[in-house]
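**Q** Structure below; questions to follow.
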Amino acid sequence: MVLSFPSLVQQSLGDRVAQELRVRIIGGELARGTRLVEDVLAEQFDVSRGPIRDAFRQLEAEGLLESRRRGVFVIGLTEDDVDELYTLRGSLETLALSLAMRRAAPEDWARAEECSRAMESAAQRRDASAFARADLEFHAQLYQLSGHRRLLAVWEQYRPTFGVMLDVTNAQDIDLHPAAEAHAELLRLARTGDEEGAVTNLRGHLLGAQNRLRSALRATQSSAAED
């Protein structure tokens, strides 16, 4: 099954620049403390300085960059940052799940079911990128179905960061089938009204992702130190 997602062409220039910088920062290509220069990046991305500034503002809001007197610098992700992001997400998403289970009709879970099937298909093909897109959309459905506008807004703010983090953790997984099965089980529990079981499943899933990302960061930092 192929799911449709917004293309990069549909994104603003600032969003596209922000996404590329986000990937470089979380992936370790841009090290903590690196100074980013507007003119240099504008030339690299073949854009004016406006989209660069838009990207800077977006990434500062996500905690990946910091403005100082001497310019804009990479903050990056530490293990403490990972813990903060995942504990925040855990609080948000368990609330979203509980609200969704209380208000969603059986047919409202159809999009989440499509995402679950897409994850299984991607796992079969060993397509980590497609898996990550379907995975992120699956979780987005919990916020959509919660009916909580502000909860959804907070998720949308951090969704790009979690998307890149998901790519990093999926790259560590040789077999994506267990993750696909966990999502299918979460959906089953949500549909049958087992809130305690669904919340326990979700917390376990997020904790596993948090631990895998911490391990990936250690490996990246160790490799950078050796270089």
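The values are calculated or read from the model by the stated rules, or taken from the named source; none is laboratory data. Everything quoted here is computed from the prediction, not taken from an experiment. Every residue, glycine among them, receives a Cβ derived from its backbone with ideal geometry; neighbour counts consider all protein chains shown. What goes into the accessible areas is simple: the full protein's heavy atoms, side chains included, and nothing from ligands, DNA or RNA. Shrake-Rupley method; radii C 1.70, N 1.55, O 1.52, S 1.80 Å.
**Q** How far apart, in nm, are the 7 Å Cα→Cβ label points at Glu29 and Ala153?
**A** 3.3 nm
**Q** Can you pull a Stokes-Einstein diffusion coefficient for the range 86-205 at 10 °C (1.306 mPa s), Rh from Kirkwood over Cα pairs, as a whole number of µm²/s?
**A** 111 µm²/s
**Q** With springs only between Cα atoms under 10 Å apart, run a GNM on the chain and tell me which of Thr94, Thr169, Thr34 wobbles the most.
**A** Residue with maximal mean-square fluctuation among Thr94, Thr169, Thr34: Thr34.
**Q** Percent relative contact order of the chain, based on C-alpha pairs within less than 8 angstrom and at least six residues apart?
**A** Once normalised by length, the contact order is 22 percent.
**Q** What accessible area per residue, rounded to a whole number of Å², is obtained for the chain using a probe radius of 1.4 Å?
**A** Computed with neighbouring chains in place, this is 53 Å² per residue.
**Q** What is the dipole size for the range 1-158, taken about its Cα centre, with +1 at each Lys and Arg Cβ and -1 at each Asp and Glu Cβ, in debye to the nearest 20?
**A** Using only the charged Cβ atoms, the result is roughly 300 debye.
**Q** On to the next question. What is the local net charge at Glu84, summed over the other residues whose Cβ is closer than 15 Å to its Cβ (Lys, Arg +1; Asp, Glu -1)?
**A** -4
**Q** Here is a follow-up. Given the options Arg32, Arg22, Arg102, which has the most mean-square fluctuation in a GNM of the chain, springs set between C-alpha atoms less than 10 angstrom apart?
**A** Of Arg32, Arg22, Arg102, the Gaussian network model singles out Arg102 as fluctuating most.
**Q** Okay, moving on. Using the C-alpha atoms of the range 156-223, what convex hull volume per residue, in cubic angstrom, is computed?
**A** So the per-residue hull volume is 91 Å³.
**Q** Once you have a ≥ b ≥ c as the square roots of the Cα gyration tensor eigenvalues for the range 70-151, tell me rounded if a/c is under 1.5, and otherwise prolate or oblate according to whether a/b is larger than b/c.
**A** oblate
**Q** In terms of modelled amide H atoms, which long-range or inter-chain residues lie less than 5 Å from the amide H of Leu30?
**A** Ile25
**Q** Another question, if that's okay. For the chain, modelled as a GNM with alpha-carbon contacts under 10 angstrom, which of Leu88, Leu152, Leu189 fluctuates the most?
**A** Leu88
**Q** For the chain, give the percent of accessible area contributed by carbon and sulfur heavy atoms, probe 1.4 Å, rounded to a whole number.
**A** Summing carbon and sulfur atoms, their accessible area is 48 percent of the total for the chain.
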